[in-house]
Amino acid sequence: IRDGNGIFSRGDEAAQNAYIWAEPDAIYIFDLELISGDPDSAITEPNSMIISETVAEKYFADEDPMGQILTLDNQADVRITGVFRDLPENTTQDLEILISIPTGRQIFGENFMFNNFWISFGGSQAYLTIDDPATAEQLNNDLPNFISRNLPENMVAFADDFGLGLSLQRIDDIYLNPLNNFGAAENSTTKNVLYGLILFSLLILASSCINYMNLSLAQIIQRTKEIGVRTTLGAKRSRSE
């Protein structure tokens, strides 16, 4: 996938919206629930895209969005081929619009998201499913060798200076610990910030406990003095407590 942001227009109306360029498998990897459309073919062809319920309401109100056309940045007329349910607010990828990559190739050329220049990824992110954690770990450990085996000779020096590297990360780790901020959501944070907030909360709790103990001790001392005075004045034990 690759992030994008553009103007979607329909007739005389237009609005800005975030979107992503995506391969068809993104529908299954992100577990999108399509209300309308076929997940196997929704974003396989040029000039096709799927949108969320919120986006459908934003641009079409009570109309059926299926088959409708929105113009992207006055460059391409893109047909809506599917509508998916809104994702939860705490999702890592806040997906609203997915546009087929063949659409991007029509606009930007055949090398769009598929060039062979290793050093600049242009914001593209690759998601894949691996059933076995051991296989995932083995693949992750082999990525440096993968670079060595496939990196063109004329890019080796540049890659060393640039610090080229590849690594895998579990999708459920991205929210609190995104690698190089890839895939991070706008509402995400980091473990250090979270741990800092937890520590701050514990300090406040400890301070409150100490203050409570001090107040309780002061009340006990005061009460002891009162009992002593009343006893001196002749109060019985049962009346001095």
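The values are calculated or read from the model by the stated rules, or taken from the named source; none is laboratory data. Keep in mind it's a predicted model, so treat the numbers as computed, not measured. For neighbour counting, all protein chains shown are included, and Cβ atoms are generated from backbone atoms with ideal geometry for every residue, glycine included. Each accessible area value is taken on the protein alone, full model and side chains, heavy atoms only, with ligands, DNA and RNA left out. Shrake-Rupley method; radii C 1.70, N 1.55, O 1.52, S 1.80 Å.
Considering only protein heavy atoms, what per residue accessible area in square angstrom results for the chain with a 1.4 angstrom probe?
Working: 16150 Å² over 241 residues.
Result: 67 Å² of accessible area for each residue.
Taking all protein chains together and rolling a 1.4 Å probe, R149 ends up with roughly 150 Å² accessible. For the chain, the longest principal axis of the Cα atoms and the long axis of helix 133-150 meet at an angle of about 50 degrees. Projecting the Cα atoms of Q68, N192, V78 onto the charge dipole of the chain, computed from C-beta unit charges around the Cα centre, puts N192 farthest toward the positive end.
Let me make sure I get this right: for region 8-65, a, b and c are the square roots of the gyration tensor eigenvalues over alpha carbons, sorted descending. Under 1.5 in a/c it's rounded, otherwise prolate if a/b > b/c, else oblate. Which is it? Here region 8-65 falls in the prolate category. Using the Cβ of D142 as centre and a radius below 15 Å, the other residues enclosed give a net charge of -1, where K and R count +1 and D and E count -1.
Ignoring ligands, DNA and RNA, please state the percent of accessible area on region 1-55 from carbon and sulfur, probe 1.4 Å. Answer for region 1-55 is 41 percent, counting heavy atoms of protein chains only.
Going highest first, how would you order 196-207, 32-43 by mean Cβ packing within 10 Å?
Values: 196-207: 10.2, 32-43: 16.1.
Ranking, from highest mean packing down: 32-43, 196-207.
Using bins of 5 Å that start at zero, the share of Cα-Cα pairs per bin across the chain amounts to 1, 5, 9, 11, 12, 11, 9, 7, 6, 4, 3, 3, 3, 3, 3, 3, 3, 2, 1, 1, 0, in whole %.
For region 72-132, GluC sites (Glu not before Pro) meeting the loop criterion (DSSP other than H, G, I, E, B) and having at most 11 other Cβ atoms within 10 Å: E89, E110. Of the trypsin sites (Lys or Arg not before Pro) found in region 12-85, those that fall in a DSSP loop while having at most 14 other beta-carbon atoms within 10 Å are R85.
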